[in-house]
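Chemist: Below is one structure. I have some questions about it.
The values are calculated or read from the model by the stated rules, or taken from the named source; none is laboratory data. A quick note: this is a predicted structure, and the numbers were derived from the prediction, not measured. Because the Cβ atoms are built from the backbone with ideal geometry, glycine has one as well, and the counts that use them run over all protein chains shown. Surface areas here come from the heavy atoms of the whole protein model, side chains and all, with no ligands, DNA or RNA. Shrake-Rupley method; radii C 1.70, N 1.55, O 1.52, S 1.80 Å.
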Amino acid sequence: MPNPSSRIAGLTPGGDDGWGLFYRARALKAAGEPVLELTIGEHDIRTDPAILDAMHASAKGGHTGYAAIPGKPALRRAVAERLSASSGVAHGIENVLITPGGQAALFAAHHAACDDGDVALLIDPHYATYPGTIRGVGALPRPVAARPEDGFQPREADLMAAGDGARSLLINSPNNPTGAVYSDETLQAIARVAEARDLWVISDEVYDTQVWEGRHQPFAGLPGMFGRTLTVGSLSKSYAMTGSRLGWVAGPAAIIGHLSNLATHTTYGVPGFIQDAGLFALQQGPVAEAAIAAPFLRRRDIFLEALAKQQYLRATPPAGAMYVMLDVRATGLSGTAFGEALLDEENVAVMPGESFGAAAAGHIRVALTLPDEMFAEALERLFAFAARAVDARTTA
Ligand code: PLP
């Protein structure tokens with residue numbers, strides 16, 4: 001076999017890029033083990049049958065051929081209207097490209113922003129795919145640490161220093177994995193850095209419907225930022241449509257034109273019946289979005305109650321998204337060692353903090369994705385395990 005390109009072979013130089021524990025949990029489950037899984041960002045409900053009906057009707061109605069590559073105009077319009085309303089900046093269909101999920105939008109946005117060898121900033125901790133996405137377009141990921149003691153809000157001085165010579169900055173609020181929702185001060189600091197360092201800002205807002213404290217401020221809505229912002233969105237989290245692979249990238253019309261050209265040469269668009277289902281979903285509006293988000297707020301509170309009853313582990317209460325970052329350093333274990341042992345001893349699977357970057361070392365990410373009772377049971381086991389680990393450490 002000829003050698004694969006160094007770009008593809010080097011996508012995840014660490015091997016599994018932190019997914020090892022997740023794969024082990026899935027293998028155990030497949031072998032019949034009753035693993036309680038708090039790993040990936042997947043709802044415990046399925047897509048609303050009414051959305052599936054719309055998908056079915058569209059397919060039966062003949063929308064099974066190639067669909068318009070930048071996206072069907074009606075869906076692009078609906079996304080543009082949603083973004084106009086949330087950001088306060090008028091978006092038209094020329095500002096929106098429909099993509100197969102937010103992940104493809106992240107890849108496309110970095111393609112648009114970065115040339116080969118350019119430095120692309122990301123905030124650490126970060127969603128696990130970010131560095132590989134950046135490497136995939138030939139750019140160099142440069143992490144900027146956000147500290148637990150700052151509630152995982154990045155500091156302006158750190159961004160300004162890292163931004164010297166960089167081309168883009170990837171932000172994500174509400175944040176996976178930390179649950180941070182960036183404050184107005186943080187967003188304004190990012191805007192100052194973007195201007196001073198002449199950066200593209202790629203703003204991943206796929207959790208915009210999951211906000212528990214404060215409010216979601218679309219980055220493109222900050223004064224002067226629309227022209228340098230590529231906003232990534234998706235129906236995966238907001239409408240429990242992870243498997244439908246439907247998202248978008250929004251930004252200045254000229255760049256959306258280039259991205260449409262990229263889509264012609266990569267994905268060739270998104271199936272029309274999926275887009276029609278997405279349009280139907282968006283037409284259900286904020287009430288439907290709030291109903292999908294509600295279980296995560298409930299479980300966040302179940303989590304905080306359980307956390308308050310024990311004395312070893314700490315967490316910053318998440319202001320948004322469907323995860324909690326739990327500081328397990330009191331056990332003396334790394335996030336990975338904690339996660340491995342928790343799976344072995346308690347059949348509970350979480351994601352090690354280390355999967356999300358160096359700044360999340362000594363943490364685990366707990367996804368709020370099991371039905372309430374099972375979730376409470378998993379937490380009981382998790383905190384009992386942590387207490388044993390601390391005891392073993394202090395008696396050693
Ligand atoms: N961005 C973040 C922060 C995520 O957590 C995820 C999925 O978990 C994605 C993007 C990708 O979402 P999609 O299913 O829309 O590709």
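Chemist: So what does Glu33 come to for accessible area, using a 1.4 Å probe and Å² rounded to 10?
Modeler: 80
Chemist: To the nearest 10 square angstrom, how much accessible area does Ile51 have with a 1.4 angstrom probe?
Modeler: 10
Chemist: Something else now. Just to be sure I understand: of the beta bridges DSSP finds with both ends in the chain, what percent are antiparallel, rounded to 5?
Modeler: 45
Chemist: Now for a different question. How high is the FRET efficiency from Ala74 to Asp44, r the C-beta distance, R0 22 Å, rounded to 0.05?
Modeler: E(calc), rounded to 0.05, equals 0.10.
Chemist: I would also like to ask the following. Report, in order of residue number, the helices in the chain meeting two criteria: a C-alpha extent of 30 Å or more along the helix axis, and a mean Kyte-Doolittle hydropathy of at least -1.0; treat each whole DSSP H run as one helix.
Modeler: Helix filter hits for the chain: 272-308, 372-395.
Chemist: How about Lys72: which aspartates and glutamates have a C-alpha closer than 17 Å to its C-alpha, ignoring those fewer than 8 places off in the same chain?
Modeler: Qualifying aspartates and glutamates at Cα under 17 Å: Glu81, Glu94, Asp276.
Chemist: Ok, one more. Quick one: how many Å² of Thr99 are accessible to a 1.4 Å probe, rounded to 10?
Modeler: 10
Chemist: Could you sort Arg82, Arg147 by their accessible area in this structure, using a 1.4 Å probe and putting the largest first? Let's see the in-between values first.
Modeler: Working: Arg82 45, Arg147 70 Å².
If we order Arg82, Arg147 from most to least accessible, we get Arg147, Arg82.
Chemist: Ile40: net charge of surrounding residues, Cβ under 12 Å, Lys/Arg +1, Asp/Glu -1, itself excluded?
Modeler: Numbers: positive: Arg26, Lys237, Arg365; negative: Glu37, Glu42, Asp44.
Once all neighbours under 12 Å are counted, the net charge is 0.
Chemist: Here's something else I'd like to know. Can you compute the charge dipole magnitude of the stretch 346-396 about its Cα centre, using +1 on each Lys and Arg Cβ and -1 on each Asp and Glu Cβ, nothing else charged? Give it in debye, rounded to the nearest 20.
Modeler: Numbers: 4 positive and 7 negative charges, 53 e Å.
That gives the stretch 346-396 a dipole magnitude of about 260 debye.
Chemist: Can you find, among Val249, Thr266, Ser183, the residue sitting farthest towards the positive end of the charge dipole of the stretch 125-284, where Lys and Arg contribute +1 and Asp and Glu -1 at Cβ?
Modeler: The Cα lying farthest towards the positive end belongs to Thr266.
Chemist: Give the average over all directions of the projected area of the C-alpha convex hull of the chain, one decimal, in nm².
Modeler: 20.7
Chemist: With +1 on each Lys and Arg Cβ and -1 on each Asp and Glu Cβ, how big is the dipole of the chain about its Cα centre, in debye rounded to the nearest 20? Write down the numbers at each step before the final one.
Modeler: On the way: 31 positive and 42 negative charges, 122 e Å.
Charge dipole of the chain: 580 debye, to the nearest 20.
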